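The values are calculated or read from the model by the stated rules, or taken from the named source; none is laboratory data. Being a predicted model, the structure only gives us computed values, none of them experimental. Cβ coordinates were reconstructed from backbone atoms using ideal geometry, including for glycine residues, and neighbour counts include every protein chain displayed. We work out accessible area using only protein heavy atoms, side chains counted, and drop any ligands, DNA or RNA first. Shrake-Rupley method; radii C 1.70, N 1.55, O 1.52, S 1.80 Å.
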Amino acid sequence: GYSQAQLNCGDTYTDSGGASGTYSEDENDTVTVCPTIAGQVVVATFTSFSTEEGYDSLTIYNGNSAMDMMIGTYNGTMSPGTVFSTNPNGCLTFVWASDVSLTYDGWVADIMCSDPITCSAPTDVTTIDTDVTTATVGWTAAGSEMEWAVEYGPVGFAPGTGTEVITSNNPVTLN
């Protein structure tokens, strides 16, 4: 497996092939990044992302372990974009796994730390359409924001325990 040294604010997070190479087969790695200044949060901005779709995945968790709320699992060319911690500890945890065949360019992400990002709650959240595997949900933005954190789960899930996606789409279709 591949293991990246500890990441800190200001570092660049890449797959094992670095910014210009491909990652290797059969990798399993977990990296946790925490802010160096108490009260700040980690912000990861992915500037490139390409893995084997459906097989080689990067999962991001909102906190200092894979037991915290999952933000999302990313593969193929579905980039995480910009991901930030909302956990009181300010940390993000990245779990990477590749299978035993086919390797791609991987990813490059800038790791920064900043003061907590504050979000205004949208209003008029509405289910627009549903079927067996998807739901399309829309809302009225609280201000001029262009990106939202959407959390969802099975009927009755407790907030903070669902799946979180960061999206610039309104409405958004959830799988």
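Quick notes
- As a fraction of the 1.4 Å probe accessible area of the chain, surface on carbon and sulfur atoms comes out at 52 percent.
- Multiplying the residue separation of T82 and T130 by 0.36 nm and subtracting their alpha-carbon distance yields 14.5 nm.
- Three-way shape call for region 116-170 based on the alpha-carbon gyration tensor, with the a/c threshold at 1.5: oblate
- Max mean-square fluctuation residue, GNM over the chain, Cα-Cα springs under 10 Å, options S98, S20, S65: S20
- A142/V100 FRET efficiency (R0 45 Å; Cβ-Cβ; nearest 0.05): 0.45
- Considering only T167, T86, G17, the residue lying farthest towards the positive end of the dipole of the chain is T86, judged by Cα position with unit charges set on Cβ.
- What the Cβ-Cβ distance of D110 and N170 gives, at R0 = 22 Å and to the nearest 0.05, is a FRET efficiency of 0.30.
- Cα→Cβ-extended label distance, 7 Å offset, between I117 and T45, nm: 1.1 nm
- FRET efficiency for A38 and D11, using Cβ-Cβ distance with R0 set to 25 Å, rounded to 0.05: 0.85
- Hull volume in cubic angstrom per residue (convex hull over the Cα atoms of region 23-88): 100 Å³
- Principal semi-axes in Å for region 29-128 [√(5λ), Cα gyration tensor, largest first]: 25, 18, 12
- Solvent exposure, largest accessible area first (probe 1.4 Å, DNA, RNA and ligands not counted), of V125, V83: V125, V83
- Positive minus negative residues near G72 (Lys, Arg vs Asp, Glu; Cβ under 14 Å): -4
- Column: log10 I(q)/I(0), Debye, Cα scatterers of the chain, q = 0.17 Å⁻¹: -1.12
- Per residue, the chain exposes an accessible area of 52 Å² to a 1.4 Å probe, with every protein chain left in place.
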